[in-house]
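Heads up, the thing below is written out as structure tokens.
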Amino acid sequence: MHPSRPPFIAGNWKMHHAGPSGVELAVAVARAAALLPAVEVAVAPPLLAIPLILPECAEVARQLHVAPIGVAAQNLYPAPKGAFTGEVSAEMLAEAGCRWVILGHSERRQYFGEDDAFVAKKVAAALAAGLGAIACVGETLEERTSGRTLDVVLRMVDAVIPVLRGAGARGVIAYEPVWAIGTGKVATPDDAQQVHAAIRARLAAADASLAATTRIQYGGSVKGDNARALLAQPDIDGALVGGASLEIDAFAPILRAAQALAAG
Ligand code: PEP
């Protein structure tokens, strides 16, 4: 991580913890985060849980005299309103109190056919509505073994660069090698750093301030025991965490690793 970019750790709950267990987990995360002021923290619950979680996290923040943790959605539809059955717009998420949205996750690309252009539209819609956008990029195992990692990742980055300009700290890229998601296989810190550095260089070629302000999270089997080595890399500014964000005892050590590094 770099001193000019506060570490950002987000938990992607996917399709877990939609009810009371989500409120309990979010409150535990909010309480843990209150002790770790150098780390920006967000949770991304299922949509239904968001109106339950927001007031509880606000209450924790009020009691402990800290800023509330961020709450993120896991998707949006890039139109303000209209006949789009089953969808939710960026404006609706912002109005509900979300601060962030995760976009272009590999599961959405793989199962729901989202392509680079559609992901870029979503990122633009999120930023226009005042949300922060976490744009996910990453290669499959086949793309990695055939030597195409950077081609694929930088193609995905190129698609979002035009819409990330001017977003400042609200623009985040999550590098998530698909083969490392939910598999227990984690990129080595060196391998991850190489890709993060290439992403940073691509941002810098477009706009120096974009490279300086955009946080690049690593995602893919981040756990308490590997977080520190990953986050210590100069171009890794945080983590997008799936499985280990589903229990406070697994998530809190990742937050503490980020705090320890950021606080020196
Ligand atoms: C994810 O899906 O964003 C993710 C990184 O999952 P996991 O941490 O479980 O690999």
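The values are calculated or read from the model by the stated rules, or taken from the named source; none is laboratory data. Please read these numbers as outputs of a predicted model, since none were measured by experiment. Quick reminder, even Gly has a Cβ in these numbers, built from the backbone with ideal geometry, and neighbours come from all protein chains shown.
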What number of residues in the range 200-240 are hydroxyl-bearing (Ser, Thr, Tyr) and either more than 16 Å from the ligand (Cβ to nearest atom) or assigned to a helix (DSSP H, G or I) (or both)?
3
Answer yes if at least one residue in the range 19-26 is at pLDDT below 95 and not polar (S, T, N, Q), and no otherwise.
yes
In the range 10-35, how many residues are within 16 Å of the ligand (Cβ to nearest atom), without any contact (Cβ under 8 Å) to a residue 40 or more places away in the chain and crowded, with 16+ Cβ neighbours inside 10 Å?
0
Are any of the residues in the range 54-72 in contact with a Pro (Cβ under 6 Å, 6 or more places away or on another chain), free of Cβ contacts under 8 Å to residues at least 12 places away in the same chain and small (Gly, Ala, Ser)?
yes
In the list 159, 192, which residue meets the criterion of being at pLDDT 95 or above and more than 15 Å from the ligand (Cβ to nearest atom)?
159
Just wondering, is there one or more residues in the range 45-65 that are at negative phi and within 16 Å of the ligand (Cβ to nearest atom)?
yes
Where residues in the range 77-126 are in contact with a helix residue (DSSP H, G or I) (Cβ under 6 Å, 6 or more places away or on another chain) and part of a loop (DSSP other than H, G, I, E, B), which of them is farthest from residue 157 (Cα to Cα)?
97
Given (1) farther than 19 Å from residue 134 by Cβ; (2) within 16 Å of the ligand (Cβ to nearest atom); (3) part of a helix (DSSP H, G or I), identify the lone condition not met by residue 261.
(2)
If you scan the range 40-87, which residues turn out to be of a type in the set (D, E, K, R) and either farther than 23 Å from residue 127 by Cβ or within 22 Å of the chain's Cα centre (by Cα) (or both)?
40, 56, 59, 62, 87
Given the options 256, 200, name the one that is more than 23 Å from residue 72 (Cα to Cα) and not β-branched (Val, Ile, Thr).
200
Residue 15 - would you say it is aliphatic (A, V, I, L, M), in contact with an Asp or Glu (Cβ under 7 Å, 6 or more places away or on another chain) and under 23 Å from residue 137 (Cβ atoms)?
no
Within the range 174-189, track down each residue that is in contact (Cβ under 8 Å) with a residue 24 or more places away in the chain and either more than 13 Å from the ligand (Cβ to nearest atom) or in a loop (DSSP other than H, G, I, E, B) (or both).
176, 177, 181, 182, 183, 184, 185, 186, 187, 189
Residue check for residue 151: over 15 Å from the mean Cα position of the chain (by Cα), over 20 Å from residue 107 (Cβ atoms), free of Cβ contacts under 8 Å to residues at least 40 places away in the same chain and within 16 Å of the ligand (Cβ to nearest atom)
no
